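The values are calculated or read from the model by the stated rules, or taken from the named source; none is laboratory data. Not measured: the values here are computed from a predicted model. Note that we place each Cβ from the backbone using ideal geometry, even for glycine, and neighbour counts take in every protein chain shown. Note: areas computed on protein heavy atoms with side chains; ligands, DNA, RNA excluded. Shrake-Rupley method; radii C 1.70, N 1.55, O 1.52, S 1.80 Å.
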Amino acid sequence: MTTAVERLPAALARRMALAAQGFAEPRPGGVVGTRQLRRTAERLAVVQIDSVNVLSRSHYLPFFSRLGPYDRTVLDALANRRHDLFEYWAHEASFLPARLQPSLRWRMDAADREAWGSMTRVQRERPEFVAALLARVREEGPIRASQLQEARPNRPGSMWNWHAGKAALEYLFFTGALTARARTAGFERVYDLTERVLPAAVVEAPTPDRAEAIRELVRTAARALGVATETDLRDYFRLTPTDARTAIAELADAGELQPVEVAGWERPAWADPLARRPRWVRARALLSPFDSLVWERPRVERLFGFRYRLEIYTPAHKRVHGYYVLPFLLGDRLVARVDLKADRQAGVLRVQAAHAEPGVDHGAVAAELAAELRLVAGWLALEDVAVAGPGDLAPALAGALGAPAPSW
């Protein structure tokens, strides 16, 4: 069917995106528990995992950004005990609602094409080794990759064997034969048979055909994004252009996606017909570099006029804004960015650098940012916040925190 293309002001598209991501609602006033965390996980659908722990494990931060302080062990339980969440390759390595597992089985079935590197190489070169490792898990129970390393630490070639073991576990994880039962205190994945981990209702759910599964992933991405281009929609679950375009066309034809034109966007876009259209957004949040609101950098520029690059892998002397830089959302705009480090030994949240966006009121932004930083510090059990680095916002931020302005 033919649907008229709606024209959206850029500011409305931005507010729709923020609402879809959970920023148009006030944070809960009471204790944040399982219900709120599960609801947020369902809303986002994909919560990216990353090993960097300079501030906090990245998957904890999106929940804090939307809900405020919460007990991280409650979130851990959703993945490690309740298994309402499961780990898989979605955007990147991610936590997802368990209900989405059937919609990703097509990717699991195509592991020989979809996986990469040593994962596919070990299966190609040593299939008997992979099969034996799966049999070991089936017979002996959950396993960690480090256990394989510890079993033969001093033999010639043991490091290659350890790497082969890790690669084999990851290949089996990619195929869906294994999944993560839990994460250790050191964040090491514990592998087990999928049927022993995920809820029976998920394991026994019928496998949708590939086309329907991809439609469900695009449908889910549309709900999480509010308004999005084709690239935005396919990037959420890292789909191919052909798959995404086919699914978008089918969903649009069924009335599940509404074609729109957003002022200032150079590409066609689609909106979730049920997306909220708030008149204002009064958010205040620091965003992980891996938050689904900002992980696609071209979309961040389209929505906010905010050029954002992760500089972790940039040599220190070439960094512009810092090592682990979090954008600061205030209202419906990204107004600043701060390079943060949790100095756990000293009990201090260190602001390594603080930069404001052009045209913002430094004093007003600093006051709100100082309040959010104190909230983060308390959540991380840090006793103080200290401005320890440069940036045009640093003097005002130090003043707002009640400390002397830094000098360098």
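Rolling a 1.4 Å probe over the protein chains gives Phe95 an accessible area of about 20 Å². From the alpha carbon centroid of segment 216-271 to that of segment 173-197 is 31 Å. For segment 318-331, putting each phi into the Karplus relation 6.51 cos²θ - 1.76 cosθ + 1.60 with θ = phi - 60° gives couplings of 9, 5, 8, 10, x, 7, 10, 9, 10, x, 10, 8, 9, x Hz, in residue order, rounded to whole numbers and with x for Gly and Pro. Placing a label point 7 Å from the Cα of Ala249 along the Cα-to-Cβ direction, the residues of segment 1-20 whose backbone N falls under 16 Å of that point are 1-3.
Under a 5 Å amide H cut-off, with hydrogens placed 1.01 Å from N, Ala45 pairs with nothing among residues at least 5 apart or on other chains. Of the listed residues Lys341, Lys318, Lys166, the order by accessible area with a 1.4 Å probe, largest first, is Lys318, Lys341, Lys166. When the chain is described by a simple charge dipole with +1 on each Lys and Arg Cβ and -1 on each Asp and Glu Cβ, the residue from Gly305, Ser56, Leu104 located farthest towards its positive end is Ser56.
Rounded to the nearest 0.05, what FRET efficiency do Glu128 and Trp280 have when you use their Cβ-Cβ distance and R0 = 41 Å? Intermediate values should be presented prior to the final figure.
Values: r = 62 Å, r/R0 = 1.50.
Taking R0 as 41 Å, the efficiency between Glu128 and Trp280 is 0.10.
Taking the Cα centre of the chain as the origin, how large is its charge dipole in debye, to the nearest 20, when only Lys and Arg (+1) and Asp and Glu (-1) carry charge on their Cβ atoms?
On the way: 56 positive and 49 negative charges, 81 e Å.
That gives the chain a dipole magnitude of about 400 debye.
In order along segment 4-10, the phi-based Karplus estimate (6.51 cos²θ - 1.76 cosθ + 1.60, θ = phi - 60°) of 3J(HN,Hα) comes to 5, 7, 8, 9, 10, x, 4 Hz; Gly and Pro are listed as x.
Across the protein chains, with a 1.4 Å probe defining accessible surface, the residues Thr314, Thr240 rank Thr240, Thr314 from largest area downward. Please label the shape of segment 102-153 as rounded, prolate or oblate, based on the square roots a ≥ b ≥ c of the eigenvalues of the alpha-carbon gyration tensor (a/c under 1.5 means rounded; beyond that, a/b larger than b/c means prolate, else oblate). It is prolate, given that a/c is not under 1.5 and a/b is the larger ratio.
What net charge is computed for the residues neighbouring Gly68, neighbours being all others with C-beta under 11 Å from the C-beta of Gly68, Lys and Arg scored +1, Asp and Glu -1? Cβ neighbours under 11 Å give a net charge of +2. With N as its number of residues, segment 1-139 has a Cα radius of gyration that, divided by 2.2 N^0.38 Å, comes to 1.36.
Short-range pairs are left out: with C-alpha atoms under 8 Å and at least six residues apart, the relative contact order of the chain is 18 percent. The slack between Ser118 and His163, meaning 0.36 nm per residue of separation minus the straight C-alpha distance, is 15.4 nm. Multiplying the residue separation of Glu261 and Asn53 by 0.36 nm and subtracting their alpha-carbon distance yields 70.9 nm.
Determine the order of Glu42, Glu296 by accessible area, beginning with the largest, at a probe radius of 1.4 Å.
Working: Glu42 75, Glu296 20 Å².
Descending accessible area places them as Glu42, Glu296.
May I ask what percent, to the nearest 5, of DSSP beta bridges between residues of the chain are antiparallel?
On the way: 38 of 45 bridges.
Restricted to the chain, the bridges split so that about 85 percent are antiparallel.
Can you give the local net charge around Ala394? Use residues other than it whose beta-carbon is closer than 15 angstrom to its beta-carbon, Lys and Arg +1, Asp and Glu -1. My count for the surroundings of Ala394 gives 0. Overall dimensions of the chain, expressed as equivalent-ellipsoid semi-axes from the Cα gyration tensor (√(5λ), whole Å, largest first), are 36, 30, 19. For segment 61-75, 3J(HN,Hα) computed residue by residue from phi via the Karplus equation (6.51, -1.76, 1.60; θ = phi - 60°) reads 5, x, 6, 5, 4, 9, 10, x, x, 8, 7, 5, 5, 5, 5 Hz, glycine and proline entered as x.
Any chance you could look up the accessible area of Leu380 with a 1.4 Å probe, heavy atoms only, rounded to 10 Å²? Estimated to the nearest 10 Å², Leu380 gives 30 Å².
What's the local net charge at Arg309, with K and R +1, D and E -1, over the other residues with C-beta under 12 Å away? Walk me through the intermediate numbers first.
Working: positive: Arg297, Arg307, Lys318, Arg319, Arg337; negative: Glu301, Glu311.
Summing Lys/Arg as +1 and Asp/Glu as -1 gives +3.
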